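Just so it is clear, none of the values below were taken in a lab; they were calculated from the coordinates. Owing to the predicted nature of the structure, the values given are computational and were not obtained by experimental measurement. Virtual Cβ from ideal backbone geometry, glycine too; neighbours counted across all protein chains shown.
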Amino acid sequence: EAREKLRRSIFRQVNTCNALLHQVRQRIRARDALRQQLQQLLDVARVAGKRHQQQVQRIRQLENSVEKTRLKIHAGQKVTALYLALRDALKTELRSLPTHVEMLHTVAGAYDREAQHRELMAADASAMASAMDEKDVARLKARMLAEEKELRRRCLAAQKAKGDWLWHKKAERRQPRAVKAWMLWATLPALTDTLRQLELKRAGLKFRQPPGASSCRKLEAELRVRLQHEEARLEQARGSYLRQHELLSLLEMAIDNLVA
């Protein structure tokens with residue numbers, strides 16, 4: 001009977017040990033599962049951290065791109081405003097250039113006609129000098145003195161007009177652009193006509209003297225030099241007009257490309 005009790009006790013203890021071993025195995029499996037799950041969570045957290053860093057970096061890149069785009073838009077607006085101002089200024093200059101070119105062309109034509117007229121007058125004066133006597137010379141000298149006084153008076157008047165024009169030019173610097181352009185083109189033709197009349201008058205006085213061949217050649221050379229100078233100024237004005245027109249076209253193309 002005691003042996004039977006011992007056997008039963010041992011059997012219960014064995015069953016208890018088996019149950020404990022089974023529980024230990026279950027807990028080991030649960031621990032391994034929890035470790036695996038923890039590792040998976042750590043991997044997910046690591047991947048999520050990298051993705052978060054990538055997203056933060058992408059957001060910063062987008063912010064930088066937006067800032068650069070905003071600066072480009074601001075610069076484009078400034079360039080557009082400058083282009084419009086420059087275009088208006090160039091259009092104003094281009095509107096005034098044809099008048100100036102036409103005036104230079106007129107002056108060049110006047111000098112050409114003056115040169116031809118002086119050549120004819122020189123030929124007539126040479127023919128008259130051969131047939132002129134002393135009385136005619138005396139009358140011519142008296143007439144020349146009177147005309148010289150008249151010429152001196154007109155020169156003083158022209159100098160006064162030129163001084164008034166310079167005074168107007170200094171005053172125009174304080175006036176708006178439209179008033180300045182109006183005063184310039186209103187004063188310059190009058191002064192040019194006055195000076196041209198004085199030049200013609202002086203030439204007439206010179207050619208009424210019995211000229212020699214050397215003086216005629218000198219006057220002809222002087223007129224040709226003046227004519228060439230005016231033609232050069234005319235070509236320079238035309239070149240400036242073409243360059244400004246080309247610059248305006250290039251600026252329009254550049255602004256169109258920038259806007260596109």
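Mind ranking 49-56, 89-96 by how tightly packed they are, going by the mean number of other C-beta atoms within 10 angstrom, highest first?
Final packing ranking: 89-96, 49-56.
So between Lys78 and Lys5, what do we pick up on full extension, going 0.36 nm a residue minus the alpha carbon distance?
15.6 nm
Run the quick spin-label model on Gln53 and Ala85: label points 7 Å from Cα toward the beta carbon, then report their separation in nm to one decimal.
5.0
Work through the residues other than Val56 whose Cβ is under 15 Å from its Cβ and net out their charges, Lys, Arg +1 and Asp, Glu -1.
+3
What number comes out for the charge environment of Val66, summing +1 per Lys or Arg and -1 per Asp or Glu over other residues with Cβ under 13 Å away?
+3
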